[in-house]
Amino acid sequence: MAGGAVPFGGKLPGAARSIIAGRRRQRHVDVHRQAGRPVVLARLVGRDGPGSRPLGAAMAVADDGTWRGSLSGGCVEGIVLDRARAVLAGAAPQVTAVKPGEDLLPWEDTPACAGELRVLITPAPPEPVHSAITTALAEDRPLAVRVGLRPPHRWSTAATADQLPDRGPAFTEELTGRPRLLLVGATDLAAVLATVAGTMHRKVVVLDPRPGHVASGAFIGTADVVRAWPDD
């Protein structure tokens, strides 16, 4: 659990920088954008007190009712979904305050979470920002993404945060490349590890110069194969 007050807006602290969590959410946005369905993002931009999710955690809510992501351990998602669906229905984008305890589970006397959350609810970024995010995640390139905290909640991107325009209060997220797993030897065990690592959004690199081993067909298609040993 992360404790203490978290400042409103600003730049994500290093521990909360997005490495993996945004990938499933972005795929959800991609799928619905391609189908012509609107998507709203609800992003945690401030918090008073402890919380189970870091600053920058987000939910992607599509017009068909499906969603991905979370802002807490389950304490506020129902409230946030209602407000995100209101924006989908035409309400103005907004920064809204959400208090755990407004949506208790049947067996809870008090909420498992504490503190007020401040959530930015706004349509998913338009082009070219949307494509820039999708490409950066696909190619493991760093990207800084900025969204204004005041209407009209403009989005912008740059290679680094210090290259972003300064247009008043905003929230900045820094996307980074996936953690890399190096597997030396294209063995059956390595293939199992590669499959597990793929589900965790790790970048898998297999090192093995032996053609017969590399061509086993056991490795996930997204694994990079280097036909050499580490010392070569």
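The values are calculated or read from the model by the stated rules, or taken from the named source; none is laboratory data. Values in this document were obtained by computation on a predicted structure and should not be read as measured data. Ideal geometry is used to build each Cβ from the backbone, glycine not excepted, and the neighbour counts take in all protein chains shown. When the accessible area is computed, the model is the full protein with side chains, heavy atoms only, and any ligands, DNA or RNA have been set aside. Shrake-Rupley method; radii C 1.70, N 1.55, O 1.52, S 1.80 Å.
Go through Val205, Ala138, Leu120 and say which Cα lies farthest out towards the positive end of the charge dipole of the range 109-232; charges sit on Cβ, +1 for Lys and Arg, -1 for Asp and Glu. It is Leu120. Sorting Met59, Met200 by solvent-accessible area of protein heavy atoms yields Met200, Met59, largest first, with a 1.4 Å probe. Between Pro50, Pro142, Pro128, the Gaussian network model of the chain with springs among Cα atoms under 10 angstrom shows the greatest mean-square fluctuation at Pro128.
The base-10 log of I(q)/I(0) for the range 145-232, evaluated at q = 0.13, 0.20, 0.22 Å⁻¹, reads -0.58, -0.82, -0.94 [Debye formula, identical scatterers on Cα atoms, solvent excluded].
Given +1 at the Cβ of Lys and Arg, -1 at the Cβ of Asp and Glu and no other charges, the dipole of the chain around its Cα centre is 420 debye to the nearest 20.
Over the chain, average the accessible area per residue using a 1.4 Å probe and give it in Å², no decimals. Write out the running numbers ahead of the final one.
Details: 11700 Å² over 232 residues.
Solvent-accessible surface per residue comes out at 50 Å².
Here the range 124-232 exposes an accessible surface that is 56 percent carbon and sulfur, computed with a 1.4 Å probe and the other protein chains kept in place. Length gained on full extension, Arg180 to Asp109: 21.2 nm, using 0.36 nm per residue less the C-alpha separation. Rolled with a 1.4 Å probe across the full set of protein chains, the surface gives Val87 an accessible area near 10 Å².
The angle between the Cα long axis of helix 188-199 and the main principal axis of the chain comes to about 20°, on a 0 to 90 degree scale. Among residues other than Arg118 with Cβ under 11 Å from its Cβ, the summed charge is +1 (Lys and Arg +1, Asp and Glu -1).
Available extension along the chain between Ser216 and Asp140 is 24.7 nm, counting 0.36 nm per residue and deducting the alpha carbon span. The listed residues Trp155, Trp67, once ranked by accessible area (1.4 Å probe) with the largest placed first, stand as Trp67, Trp155. Extending 7 Å from the Cα toward the beta-carbon at both Ala97 and Thr199 defines two label points whose distance is 4.2 nm.
Among Ala197, Ala215, Ala91, determine the one that fluctuates most according to a GNM of the chain built with springs between C-alpha atoms less than 10 Å apart. So, out of Ala197, Ala215, Ala91, the one fluctuating most is Ala215.
Taking only alpha carbon atoms, the chain gives an Rg to Rh ratio of 1.04, where Rh is the Kirkwood radius. Adding -39500 (n - 2.57) for every DSSP H run of four residues or longer, then dividing by how many residues the chain holds, sets the calculated 222 nm ellipticity at -7000 deg cm²/dmol.
Antiparallel beta bridges, as assigned by DSSP with both residues in the chain, represent about 75 percent of the total such bridges. Look at where the Cα atoms of the range 23-59 and of the range 147-173 average out, and the two centres are 17 Å apart.
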